[in-house]
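Right, one structure below, let's go through it.
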Amino acid sequence: MRVDIVTIFPEFFGVLDVSLLGRARQSGLIDVRVHDLREFAHDRHRTVDDSPYGGGAGMVMKPEPWGEALDGIVGESSTLVVPSPAGAPFTQATARELAAREHLVFACGRYEGIDQRVIDHYADRIEVRELSLGDYVLNGGEVAAMAMIEAVGRLVPGVIGNPASLDEESHESGLLEYPSYTKPALWRGRAVPPVLLSGNHGAVAEWRRAQQIERTGRVRPDLIGGE
Ligand code: 6GU
């Protein structure tokens, strides 16, 4: 998979060199390139934003630098991802869909967003997804893009050593994951639930399922048709 990121904060993405995704980059499974939007500004101050037409608070990112940057990066089989609190929810299902794409381009906006014509222009040509991490506001798309790249990248075949470990995770089944325990069997007076030491695989599976349902109903009733 190829991933391009356009941002005014390229240094944010240094963290992609470490951990699981760092290894995926080194092994060539995921080819990530970061581009500085300011290199596509032409004035002396490398301006990438301006005041909004119609008035209002904040600044809007100008279309010209975005057009020049993206024209050099997108091809006909690219998917343009625009992280935005005004986007559709980014879910595990979205991550699965994006993991099947050959080329993702992340356009990280700051301030009050990117001139809407940039999104409309590329949406006429390629797949464009405006996506939000959740119902809260971040200062820009960078941290959101990083979260999305991690969620998508770990689903790319070969990135995770044991793919079976992906199936039992929170959100893959529509339920939250069951609680996990390891040695010692007794820690600070707290025992591991005895069923997990019983060797009875059927009983363990049943207990885990019940835990998933209890936990989901308690903390995320919305996932199972409640509230
Ligand atoms: Cl994708 N971007 C920004 N700026 N804020 C967010 C978000 C994205 N998702 C939640 N809040």
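The values are calculated or read from the model by the stated rules, or taken from the named source; none is laboratory data. Remember, predicted model here, so these are calculated numbers, not experimental data. Here the Cβ is made from the backbone with ideal geometry for all residues, glycine too, and neighbour counts use every protein chain on show. To get the accessible areas, we keep the full protein, side chains included, count just its heavy atoms, and leave off ligands, DNA and RNA. Shrake-Rupley method; radii C 1.70, N 1.55, O 1.52, S 1.80 Å.
Annotations
- Cα centroid separation, segment 59-93 to segment 6-30 (Å): 19
- Semi-axis lengths, Å, the chain, gyration tensor of Cα atoms, sqrt of 5 times eigenvalues: 41, 20, 16
- The GluC sites (Glu not before Pro) found in segment 1-77 that occupy coil by DSSP, while having at most 11 further C-beta atoms within 10 Å, are GLU76.
- Additional length obtainable on full extension of the chain from SER198 to THR91, 0.36 nm per residue less Cα span: 34.9 nm
- Percent antiparallel among DSSP beta bridges (both partners in the chain, rounded to 5): 15
- Distance between modelled label sites at ARG190 and LEU138, nm, 7 Å Cα→Cβ extension: 3.0
- Kyte-Doolittle mean at least 1.0 and Cα axial length at least 15 Å: DSSP H helices in the chain: 141-153
- Summed over the residues of the chain and divided among them, the accessible surface reaches 58 Å² per residue at a probe radius of 1.4 Å.
- Rolling a 1.4 Å probe over the protein heavy atoms of the chain, with every protein chain left in place, gives an accessible area that is 51 percent carbon and sulfur.
- Neighbour-limited loop hits for trypsin sites (Lys or Arg not before Pro), segment 38-84 (at most 14 other Cβ within 10 Å; DSSP other than H, G, I, E, B): ARG44, ARG46
- Neighbour cut-off at most 14 other Cβ (10 Å), DSSP loop, GluC sites (Glu not before Pro), segment 147-203: GLU168, GLU169, GLU172
- Efficiency of FRET between TYR181 and ASP43 - r from beta-carbon atoms, R0 41 angstrom, step 0.05: 0.10
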